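**Q** The structure under discussion is supplied below as structure tokens; questions concerning it will follow.
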Amino acid sequence: MTEARLVEELLAFIAAGEADEEAFNRMALAVFAHQFETNAPYRRFATQRARTLRTVKSWRDVPAVPISAFKDLTLSGRPPEECPHVFMTSGTTKGVRGKSHHPTLAVYDRSMTVNFRRRFMGEHDRLRMGILFPTEQAMPNSSLAHYLALAKSEFGTAESRYFVSDAGLDVDGAIAELSRAEATGEPYALLGASFSVVHLMDALAERGRSFALPAGSRILDTGGFKGQSREMAAEEFYSRLSATFGVPRRLCINMYGMTELSTQFYDDGNEACPSVKSGPHWIRSRVINPLTGQEVPRGSVGVLVHHDLAHFNCASAILTEDAGVEVDGGFQLLGRADGADAKGCSMAVEDFLKAARAS
Amino acid sequence: MERAGHLPGLSADAVDWRTLTFRRGAETLDVAVPVLTEPQVAELATRVRTNARTYLRRRTVAEIAATIDRAVARLLDRDDPWRRKAERLLPLVTGYDAEMVRLGLTGYLKTFRGPELRKFIAEDFANPAVLDDFQPMPKGGFARAFGPELLLHVWAGNVPGLPLWSLISGLLVKAGTVGKLPSAEPLFAGWFAQILGEIDPELADCIAIVWWKGGDEAAERAWLGRADTVVAYGGNDALEAIRARVPITARFLPYGHKISFGMVARSALDAGKAGAVARQAAYDVARYDQQGCYSPQTFFVERAGRVSPREFAGYLAHELDALGSKFPRRPLSMSEAGSVASWRNAEETKGFADPSRALLGDPAGSWAVAYTDAADGLSPCGLNRTVTVVAVDRLADAVPGLAPYRAFLQTVGIAAAPEELFALAGALGAVGVTRLCALGRMTAPEAGWHHDGRFNLLDLVTMTEIEGSAERAADTFAPYTD
């Protein structure tokens with residue numbers, strides 16, 4: 001199948017609105033076949049695991065690429081120089097950044113907009129938005145910058161604006177907008193990186209400001225803290241979010257996405273933490289034991305593997321480093337699955353890298 | 001239900017207990033750990049301090065060592081109820097293979113028998129009597145070494161029995177001792193105090209073994225504020241938090257996380273020797289699943305031997321596999337499994353991009369050896385029986401790359417001819433390595449070793465000097481003065 005044909009089929013698959021096991025399987029095998037044929041490093045990887053076009057019979061057999069491989073390998077069906085769009089991870093370890101190449105953003109954008117409308121917009125077609133993240137122009141390789149720009153252009157009103165620029169966080173601008181929303185009663189949407197939200201909350205607390213945004217207002221945070229702000233436990237984060245902006249916790253929605261995917265997961269608000277996350281019909285997740293690759297019994301903690309058919313050019317199946325547990329309606333995300341509970345006194349990778357950076 | 005800790009003078013009913021639950025397969029063990037109130041902390045601190053002053057300080061170091069020797073003898077006796085309990089419960093608590101714990105305990109405890117304790121003392125004090133009484137000094141006058149009245153140990157880690165190093169060091173300098181149990185293994189230190197109590201109850205009253213939840217600021221502050229000296233083990237972040245709470249007038253002795261590695265010279269790589277060397281190296285990797293600061297994470301292996309570095313990596317893999325059936329790895333938590341998996345995955349994908357690299361491992365992920373031909377240097381592995389073999393032209397080539405990690409280097413397990421050994425030792429010591437030992441001995445330091453290059457006993461004491469002037473002046477006030 002040509003790339004153009006595959007893109008066409010994927011767009012139709014997304015538009016279909018749902019997919020049963022068989023339909024998902026068929027599409028997954030087509031995507032795998034495309035990746036196996038066009039993407040040499042992925043083919044090597046799959047072959048090493050004895051997964052070929054002959055042996056892969058179900059989407060569950062599609063070998064999942066560890067997320068770290070995006071740092072060491074160029075995983076792209078199309079030669080990278082022919083891909084006008086490259087998203088890169090923030091890349092804190094050793095300064096190597098994982099890359100996702102996109103020959104076209106048609107599938108990515110469709111995946112984002114269909115899903116975003118359903119999971120974030122509620123009954124609204126457009127909302128006035130404030131964005132706590134740099135623009136796409138400022139961060140051309142950030143998938144999140146692109147995602148938020150898309151949210152603004154497709155679902156924001158004309159007055160929607162950014163609060164982050166070269167000059168940093170525009171606290172006064174945010175206060176003016178939030179006050180205005182409070183006064184007019186027009187529902188407002190605040191979207192951004194979780195760490196930017198923390199910075200804004202801290203700045204507001206310093207000035208003793210809080211808001212009661214109009215009914216229907218909502219907040220979307222994503223990406224965790226990444227060492228860019230202090231760490232906050234989810235429970236504390238959402239209760240403070242709700243208290244600071246007057247948005248009920250069921251409308252404080254967390255998006256879970258990654259540079260190595262083209263589809264995002266959402267929860268239905270954060271009344272209870274950890275929330276249950278789920279994705280649309282073109283992405284499926286499994287919870288596995290990372291050492292054996294076997295799925296763990298339902299309800300046990302394991303590492304998440306995502307099969308995202310929209311990520312057709314690189315690798316649609318990825319093995320994350322995120323711990324999770326499968327529950328009714330999706331999965332709960334339990335943080336990173338490595339380096340958390342070293343018990344002994346042997347030095348672990350994290351500390352070593354810190355030492356290496358310091359010297 | 002096991003009760004942890006040792007609280008002389010406090011009735012168990014007066015104390016709040018929290019339960020820590022340990023699981024291994026179908027077996028579970030509940031361990032009750034004490035949670036003390038501030039007044040109880042104050043009471044216990046005062047009691048330990050007073051008892052140390054009135055009892056411990058009047059014993060000779062030889063008498064104290066004899067008591068420790070008797071307690072250790074009981075733990076070495078496989079029929080003793082304490083030893084039986086240790087063999088039964090420690091595998092359950094730590095998750096380590098029972099046989100590995102049994103052998104490990106024996107080897108470890110042997111370093112604290114009477115003759116070994118004398119080595120500890122002799123390593124640090126040319127004249128051990130200086131711990132008992134004023135002794136003449138070469139420069140003139142007299143001096144006596146005093147341990148702290150209240151020495152607080154903040155223990156960490158789950159290598160069984162680890163707290164004994166510092167606990168015994170403290171007793172040998174006659175310090176009143178308070179130890180904070182690690183949550184990962186909250187039993188052994190308390191047992192040891194109780195065994196001491198069966199031999200010498202008054203000595204055991206100079207020891208309190210307590211617990212608080214790591215990071216509990218209030219509890220930590222209550223104890224830290226009362227100690228003369230604090231010995232603490234842990235990661236640098238944890239140590240930094242503790243240091244910030246230690247009063248400026250107290251002495252703080254931190255033992256941070258370390259990284260250790262092995263070196264194999266071409267002289268050890270002939271067909272006759274390489275197999276045995278690999279077996280010893282694998283043993284160092286497997287023992288306590290690399291949780292110790294002395295556990296190797298990388299092996300530098302010299303090229304141009306009869307056995308190539310790549311072949312050596314294969315030998316090592318083979319030995320790790322064999323050890324895996326003899327001493328199975330303990331069950332890993334999901335986050336530990338995640339660390340191992342992400343390290344393995346990263347090494348494997350590097351291999352796709354670079355044919356000079358390879359990853360050897362079993363499908364179940366119970367061990368893995370990464371091999372690299374590139375000039376990679378020291379790098380931490382995924383722990384839990386994962387290791388990197390780095391090929392080098394000459395072992396000395398690996399040394400300059402170690403310099404950035406000076407503060408973190410500890411043990412080097414080495415297989416090399418005498419001349420190479422001493423040449424390398426000089427270079428390694430200069431970049432911060434503090435211990436060189438044979439392969440196969442990395443996880444079992446000898447009695448009296450200088451942990452992280454420091455003095456076990458000497459760091460704890462202060463010297464009180466009687467200067468020559470005082471002595472001469474005293475003479476003028478003596479009744480026999482003319």
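**Q** Quick check on my filter: what residues within region B:220-245 are open to solvent by 20 Å² or more (accessible area, probe 1.4 Å) and not in a strand (DSSP E or B)? I'd like the intermediate steps shown before the answer.
**A** To start, the set of residues in region B:220-245 that are open to solvent by 20 Å² or more (accessible area, probe 1.4 Å) comprises B:221, B:225-226, B:228, B:233, B:236-238, B:240-241, B:243-245.
Within region B:220-245, B:Arg221, B:Gly225, B:Arg226, B:Asp228, B:Asn236, B:Asp237, B:Ala238, B:Glu240, B:Ala241, B:Arg243, B:Ala244, B:Arg245 qualify.
**Q** Still on this structure, I have one more. So which pairs qualify, if the first residue must be in region B:76-96 and basic (Lys, Arg), the second must be part of a loop (DSSP other than H, G, I, E, B), the Cβ gap must be under 6 Å, and the two must be at least 6 apart or on different chains?
**A** Cβ pairs passing all conditions: B:Arg83/B:Asp77.
**Q** Give all pairs with beta carbons closer than 7 Å in which a residue from region A:168-189 that is closer than 13 Å to A:Arg128 by Cα meets a residue that is open to solvent by 50 Å² or more (accessible area, probe 1.4 Å) and aliphatic (A, V, I, L, M); count only pairs at least 6 apart in sequence or on separate chains.
**A** The qualifying pairs are A:Glu182/A:Ala212; A:Pro187/A:Ala215.
**Q** Tell me the strands (runs of 3 or more DSSP E) entirely within region B:353-436 that contain at least 2 residues that are more than 21 Å from the chain's Cα centre (by Cα). Outline the logic, then answer.
**A** Values: elements: B:357-361, B:368-372, B:386-392, B:409-415.
In region B:353-436, the matching strands (runs of 3 or more DSSP E) lie at B:357-361, B:368-372, B:386-392.
**Q** Out of A:Asn115, A:Asn141, report the one residue that is open to solvent by less than 20 Å² (accessible area, probe 1.4 Å), within 28 Å of A:Leu319 (Cβ to Cβ) and out of contact with any helix residue (DSSP H, G or I) (no Cβ under 7 Å at 6 or more places or on another chain).
**A** Among A:Asn115, A:Asn141, only A:Asn115 is open to solvent by less than 20 Å² (accessible area, probe 1.4 Å), within 28 Å of A:Leu319 (Cβ to Cβ) and out of contact with any helix residue (DSSP H, G or I) (no Cβ under 7 Å at 6 or more places or on another chain).
**Q** Further, regarding this structure: Please enumerate the residues belonging to region B:114-140 that are in a loop (DSSP other than H, G, I, E, B) and surrounded by fewer than 17 Cβ atoms within 10 Å (Cβ to Cβ).
**A** Scanning region B:114-140 gives B:Ala126, B:Asn127, B:Asp133, B:Phe134, B:Met137, B:Pro138, B:Lys139, B:Gly140.
**Q** Is at least one residue of region B:319-341 assigned to a helix (DSSP H, G or I), closer than 21 Å to A:Pro41 by Cα and acidic (Asp, Glu)?
**A** No, region B:319-341 contains no residue that is assigned to a helix (DSSP H, G or I), closer than 21 Å to A:Pro41 by Cα and acidic (Asp, Glu).
**Q** Ok, one more. When you go through B:Asp397, B:Asp459, B:Asp452 one by one, which is the residue that is of a type in the set (Asp, Glu) and open to solvent by 60 Å² or more (accessible area, probe 1.4 Å)?
**A** Matching residue, one of B:Asp397, B:Asp459, B:Asp452: B:Asp397.
**Q** So which residues in region B:48-79 are over 23 Å from the mean Cα position of the chain (by Cα) and within 17 Å of B:Tyr108 (Cα to Cα)?
**A** B:Arg78, the sole residue that qualifies.
To keep it simple, each residue is scored yes or no on (1) touching a helix residue (DSSP H, G or I) at 6+ places or on another chain (Cβ under 8 Å); (2) within 14 Å of chain A (Cβ to nearest Cβ).
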{"position": "B:Trp155", "(1), (2)": "yes, yes"}
{"position": "B:Lys174", "(1), (2)": "yes, no"}
{"position": "B:Pro186", "(1), (2)": "yes, yes"}
{"position": "B:Phe192", "(1), (2)": "yes, no"}
{"position": "B:Ile199", "(1), (2)": "yes, no"}
{"position": "B:Glu202", "(1), (2)": "yes, no"}
{"position": "B:Ala208", "(1), (2)": "yes, no"}
{"position": "B:Glu217", "(1), (2)": "no, no"}
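**Q** Another one. Considering only residues that are charged (D, E, K, R), more than 19 Å from B:Glu220 (Cβ to Cβ) and modelled with pLDDT of 95 or more, which ones fall in region B:14-44?
**A** B:Asp30
**Q** Identify all residues within region B:236-276 that are within 30 Å of B:Ala286 (Cα to Cα), within 14 Å of chain A (Cβ to nearest Cβ) and free of Cβ contacts under 8 Å to residues at least 24 places away in the same chain; write none if there are none.
**A** B:Asn236, B:Asp237, B:Leu239, B:Pro254
**Q** Shifting gears a bit: Can you list residue pairs whose Cβ atoms sit under 7 Å apart, with the first residue in region B:415-439 being under 22 Å from B:Ala282 (Cα atoms) and the second being acidic (Asp, Glu)? Count only pairs 6 or more apart in sequence or on different chains.
**A** What qualifies is B:Thr434/B:Asp452; B:Leu439/B:Asp284.
**Q** Check A:Phe32, A:Phe45, A:Phe36 and return the single one that is crowded, with 19+ Cβ neighbours inside 10 Å, closer than 30 Å to B:Pro363 by Cα and in contact with a Lys or Arg (Cβ under 7 Å, 6 or more places away or on another chain). Give the steps one after another, and end with the answer.
**A** Working: A:Phe32 fails: in contact with a Lys or Arg (Cβ under 7 Å, 6 or more places away or on another chain); A:Phe45 fails: in contact with a Lys or Arg (Cβ under 7 Å, 6 or more places away or on another chain).
Exactly one residue qualifies, and that residue is A:Phe36.
The values are calculated or read from the model by the stated rules, or taken from the named source; none is laboratory data. Since the structure is predicted, the reported quantities are computational estimates derived from the model, not experimental observations. Note that we place each Cβ from the backbone using ideal geometry, even for glycine, and neighbour counts take in every protein chain shown. Protein only, heavy atoms only, side chains kept; ligands, DNA and RNA dropped before computing areas. Shrake-Rupley method; radii C 1.70, N 1.55, O 1.52, S 1.80 Å.
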